[in-house]
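The values are calculated or read from the model by the stated rules, or taken from the named source; none is laboratory data. Here the structure is a predicted model, which means the values were calculated and not measured. A quick note on method: Cβ atoms are made from the backbone with ideal geometry, for glycine too, and the neighbour counts reach across all protein chains shown. SASA here: full protein model, heavy atoms, side chains in, ligands and nucleic acids out. Shrake-Rupley method; radii C 1.70, N 1.55, O 1.52, S 1.80 Å.
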Amino acid sequence: MAYPFNPPGVWSPGTRAFSQAAIAGEGVTLHVSGQVSWDADSNVVGVGDIEAQTVQVFENIKTIVETAGGTLEDIVALTLYFLDRAHLPAIQEVRRRYLQVPGAPTSTAIQVAGLVDPELLVEITPVALIPHGRFRPPPG
């Protein structure tokens with residue numbers, strides 16, 4: 001289990017769904033590749049729709065983390081890549097639905113010129129800390 005915190009003397013995330021820092025406890029660290037809005041057949045879900053794409057990204061992340069015995073609550077850090085600053089409110093709203101405060105992961109958001117597929121609008125790279133008692137080695 002990780003222990004997220006927001007120390008005094010550092011700017012406050014306020015109502016944003018992230019923490020300034022997290023101390024990793026005991027568990028298995030799961031590094032996940034950047035997830036985009038591809039479905040199981042590598043088709044882009046939600047072309048032109050940032051909310052639909054972000055939902056698909058979090059569904060992909062959820063599937064990966066759960067396959068290893070974790071939950072979304074085990075995510076300790078996220079790196080978010082996005083194309084358009086105007087999309088941030090929608091991305092953050094979907095994120096709030098999937099990642100509940102308190103205990104929100106640390107976060108970095110980076111605006112980029114493009115992603116691997118021109119139809120993609122957002123990519124998220126998570127790190128999870130899955131407690132030993134729940135971890136199960138994923139298949140092949």
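Quick check on the chain: take the gyration tensor over C-alpha atoms, sort the square-rooted eigenvalues as a ≥ b ≥ c, and tell me if it's rounded (a/c under 1.5), prolate or oblate. Because a/c hits 1.5 or more and a/b fails to exceed b/c, the chain counts as oblate. The label point for Ala40 and the one for Glu73, both projected 7 Å from the Cα toward the Cβ, are 2.7 nm apart. Loop-located GluC sites (Glu not before Pro) in the stretch 1-88 (DSSP state other than H, G, I, E, B) with a sparse environment of at most 15 neighbouring Cβ atoms within 10 Å: Glu26. Counting only DSSP H runs of at least 4 residues, each contributing -39500 (n - 2.57), and dividing by the residue count of the chain, the helix-based mean residue ellipticity at 222 nm comes to -6500 deg cm²/dmol.
Mean sequence separation of contacting Cα pairs (under 8 Å, at least six apart), scaled by the length of the stretch 1-115, corresponds to a relative contact order of 32 percent. The antiparallel fraction among DSSP beta bridges confined to the chain stands at about 75%.
When a 1.4 Å probe is rolled over the protein heavy atoms, the share of accessible surface on the chain that falls to carbon and sulfur comes to 55 percent. In terms of its C-alpha gyration tensor, the stretch 24-77 comes out prolate, because a/c is 1.5 or above and the ratio a/b outweighs b/c. When the chain is treated as a Gaussian network with alpha carbon springs shorter than 10 Å, the biggest mean-square fluctuation among Ile110, Ile91, Ile61 belongs to Ile110.
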